Amino acid sequence: MPVTKTPKKWYRKAAIIAAIIGAAATIIGAWVERDVHKNSDPLVHPPPPPPPPTQCFVYDSKEQVVHFKIRRNMTASSLFRLFGVPKSDIMAACAADGVLRAGSGCSLPMPGWTVETYVVQKDDTLFSLERRFNLPPDSAILEWNCLDTLPKGQLIQIFHPPSVKQNLAAP
C-alpha cells in the first residue's frame, strides 16, 4: 500500500487560517472586555478607597493635642516652623530632660487648631492646595503628612491654625 503525502500547501493554508482566527478571537475578546468595563455600573465596581493618611502627626480635637514620635534631626525650631507653637512649649511638652530624643513620643498642646482630611486630585499642587485651604505660602503640607510628593489619590491632613478672631476673643 503506497503512502500518500499531503501537499505542503494545505498545511500552510491551514496554519494561516488558524492564525487569522486566533488573532480575530483575541481582538474580539479585547473589544468585549473593554465594552463590559466601559458600560459597567459604578455601584457594582466601586473605585478603591484612597490610602489612609500617613499619620505622622495625629491631632486629637477633643484634647486639642497633636501626638507624634520625634524623628531624627527634628528640633524645636523645626516643630516651631511646622506648627507655630513657641519653642518653650515644645521643650516643656516633648523634652523630659531638655533634649528632644528620636523615637520618643510627644503630645504637643495646640488649642484652637483644626484638622481637615483631603484626597489629592490629579492636578493638585502645593500652591493650589495652599490657595484652596487658605494657607500661607510655603506651608508644611508635605511635612505634616511625611510625604516627599503629592501622589494622586493619597489622603492627606491639612492643619488649620487658630484664626486671628479666635486669638482676639480669648481672654
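Scanning the range 75-97 for residues that are loosely packed, with under 14 Cβ neighbours inside 10 Å and either modelled with pLDDT of 85 or more or more than 25 Å from the chain's Cα centre (by Cα) (or both) returns Thr75, Ser77, Pro86, Lys87, Ser88, Ala92, Ala96, Asp97. Just one of the numbered conditions (1) farther than 15 Å from Cys56 by Cα; (2) not in a helix (DSSP H, G or I) is not true of Arg131: (2).
Name the single residue, out of those in the range 132-152 being surrounded by 11 or more Cβ atoms within 10 Å (Cβ to Cβ) and either charged (D, E, K, R) or at pLDDT 90 or above (or both), that is farthest from Phe83 (Cα to Cα). Break it down into steps so the answer makes sense when it comes.
Of all residues in the range 132-152, those surrounded by 11 or more Cβ atoms within 10 Å (Cβ to Cβ) come to 132-133, 135, 139-147, 150-152.
Restricting the remaining residues to those that are either charged (D, E, K, R) or at pLDDT 90 or above (or both) gives 132, 143, 152.
Numbers: Arg132: 19, Glu143: 11, Lys152: 25 Å.
Step by step, filter the range 132-152, then rank; the result is Lys152.
The values are calculated or read from the model by the stated rules, or taken from the named source; none is laboratory data. As the structure is a prediction and not an experimental result, all values here were calculated from the model. So basically every Cβ, Gly included, is an ideal-geometry build from the backbone, and we count neighbours across all protein chains shown.
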